[in-house]
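Peer 1: The structure under discussion is supplied below as structure tokens; questions concerning it will follow.
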Amino acid sequence: MTYDSALRQVGEFGTYQRRVYVLLCLPIITSAMQVMVTVFILGVPQHRCSISENDTYKIQGTGHETMINRSVPPSALSLSSPYSQCDLYSYHSDNQSSIEDSSFMRKCSKWVYDKTDFLSTFVTEIDLVCHKKSYVTHTVMSFMAGFMVGAFVSGIVADAFGRKKGLLLSLALHIIPNIVVTFVSDLLTFMCLRFLSGASVGGLLAVSFTMIMELVGPSYRMMSGIALEFFWAFGAVVLALLAYLIREWRYLNLAVSVPALLFIPYICIIPESSRWLLTKGREKEAEDILRHAARVNNRKLPEKLFDYNEKFENDRCIPVWQLCVTPKLLFRSVIIFFNWMVVSMLFFGLSLNVGNLGGDIYVNFLLTSLAEVVGYSIPLVALKCLGRKPVYVSALLVGGVACILTIFPVLYGDASVQWSVVGLSVIGKIGASTAFATIYLFSAELFPTVVRNSAMGVSSLCARIGGMISPYIAVINEVIGGDLGVAMPLVVFGLFAFVSGLLALALPETKGRHLPESIKDSIQYTNQTIIVEPNEEIEASQPLTRDLMTAPDGVVTIKDKK
């Protein structure tokens, strides 16, 4: 009996699978919070140079305002702040009147911050502004770099030593560094701990997804993979509420980190993947787990599940560079890898950009998080009805166009149309979420079996690169300034998404098609290879092929138009 056949006997998504599925999905909630909490703990509020020891950003009266006007030059770039954020007027020793000329300005070393949105952030605590502002982006990038390294290392650990050990290693990194970072006050330590935090998230997502795919039966893998995304969206919504209630960065970080302590019992309650045990020749242990699952699911299994005299082996695999053997396959692979990079860039970039949209950052973040719920819901219905390609391409094109259109209300509108910028950004996030949920399935079905695992690993690497690039695009407004600077991050994200969507039009549809097994199958992949369900009526407009004529475990009725 094959492993998938055994799962059908056990129950593809019975009570046992549902329990373990929920347990594996719970860390995704805290993972989402750790990724998105960057928006708040590294938030950069409005600020200006301090003019006295007891100065405050909020103007205390006419005298205070006069002192600020005499000491701080007007802002040259920021439209949201009337004062320069980094400069003070310089004075002659014999003339206390300010001279409004750039040659008579000096850089300041102390700042005061607006406390409307944040009472404190790590940025305000150690003054990561002006000449140090690039460190904020580097810190976000270090988290994304950890994300990439964590996915890679946890995959090696999970393959060599067991899925459970890979999961527990990721959970350890998810608990300890995230709590410890609450108590640090220097930049280097903060960056290192956030790197480890990113590694934990990358590991948890990779290992949890693998364990879920090996836990449930074939009929439920697509739905369970997409439903996993809702736990991520739920974590983002919870973070929006916590951030609104807790404005001190240390307390907020503790609030999103301490719940991970609840995962410590996973050491005892999460079972090892029975599929991994089979690949390592540990059939007895795998069978014990499957029989326990069958008892919980009220199913009966035959006395003998597997032939212990025959070693259970993985599918024959070949190096990933075999995807470059023909121009056609190389072109298709490059498109897929580029799409992974862009989708990740768009998804994380739009979340990091909420502070630049104007209005209330907490409302913007909540709307963006709710947009993920909508975006993840679309594939559940549309993938079966419309197919992978139409859903994926439409999501990218609509999301990309929405982001590009934000340039018009920003450049030609006023404060009364600010809502349209937020609305278009939310539409972009819906498109990004739909594309993210779809590309996992779409790309996995396009790669041939012999290289699928390696190719998906390269795809994940490209996605992490996109995530590392996204924070730098989100801060373009600091370089350009003005209304154009506000619009540019969204325009750049939109252009990438639109181009990526157009390129994806060159990919073949995979709905209802046999998965390519070999490189040759992938090269010859056409839209005429159709999988037919038992007792399903189809109309054949092409000469009937062997694939079309046969269906496992059933009889097919053919209606030939000819």
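Peer 1: Sorted by average packing, counted as other Cβ atoms within 10 angstrom per residue and highest first, what order do 339-351, 265-277, 48-60 take?
Peer 2: 339-351, 265-277, 48-60
Peer 1: Continuing with the same structure: Along its three principal axes, how long is the range 131-266 when you only count alpha carbons? Whole Å, largest extent first please.
Peer 2: 53, 33, 29 Å, listed from the longest principal axis down.
Peer 1: Here's something else I'd like to know. HN-Hα J couplings of the range 227-236 from phi, Karplus 6.51/-1.76/1.60, θ = phi - 60°, integer Hz, Gly and Pro as x?
Peer 2: Those phi angles translate into 4, 4, 5, 5, 5, 4, 4, 4, x, 5 Hz.
Peer 1: Give me the distance in nm between label points sitting 7 Å out from Cα along the Cα-to-Cβ direction at LEU386 and HIS64, one decimal.
Peer 2: Distance between label points: 5.3 nm.
Peer 1: Using amide H atoms built in the peptide plane, which far-off residues or other-chain residues are under 5 Å from TYR83 H to H?
Peer 2: SER75
Peer 1: Once you compute Rg and the Kirkwood Rh from C-alpha atoms, what is the Rg to Rh ratio for the range 342-412?
Peer 2: Rg divided by Rh gives 1.02.
Peer 1: Another question about this same structure. Out of residues 5 or more away from LYS511 or on other chains, whose amide H comes under 5 Å of its own, with H placed 1.01 Å from N in the peptide plane?
Peer 2: Residues meeting the criterion, in which the H sits 1.01 Å from N, are ARG388, LYS389.
Peer 1: Listed here are the pairs LYS389/LYS520; LYS384/LYS520; LYS280/LYS304; LYS304/LYS520; LYS165/LYS328; which of them are more than 29 Å apart at the Cα?
Peer 2: Exceeds cut-off: LYS304/LYS520; LYS165/LYS328.
Peer 1: Quick one: which residues, 5 or more positions from ARG48 or on another chain, have an amide H under 5 Å from its amide H? H modelled 1.01 Å from N in the peptide plane, none for Pro or chain starts.
Peer 2: Long-range HN contacts for ARG48: VAL112.
Peer 1: Along the range 364-380, what does the Karplus equation 6.51 cos²θ - 1.76 cosθ + 1.60 (θ = phi - 60°) give for ³J(HN,Hα), rounded to whole Hz, x for Gly and Pro?
Peer 2: 4, 5, 5, 5, 5, 5, 5, 4, 5, 4, 5, x, 6, 6, 4, x, 4
Peer 1: Something else now. With a point put 7 Å past each Cα toward its Cβ, work out how far TRP419 is from LEU301 in nm, to one decimal.
Peer 2: The modelled label-to-label distance comes out at 5.8 nm.
Peer 1: Continuing with this model, one more query. Applying a 10 Å radius around every beta-carbon, put 252-259, 39-46 in order of their mean neighbour count, most first.
Peer 2: Ranking the peptides 252-259, 39-46 by packing returns 39-46, 252-259.
Peer 1: I need the phi-derived Karplus couplings for the range 176-193: 6.51 cos²θ - 1.76 cosθ + 1.60, θ = phi - 60°, integer Hz, Gly and Pro marked x.
Peer 2: 5, x, 5, 6, 5, 4, 4, 9, 9, 9, 10, 5, 4, 4, 4, 5, 5, 5
Only the coordinates and a few stated rules stand behind these numbers; no lab work does. Note that the structure is a prediction, hence the values are computed from the model and not measured. Please note: Cβ atoms are built from the backbone with ideal geometry, for glycine as well, and neighbour counts cover all protein chains shown.
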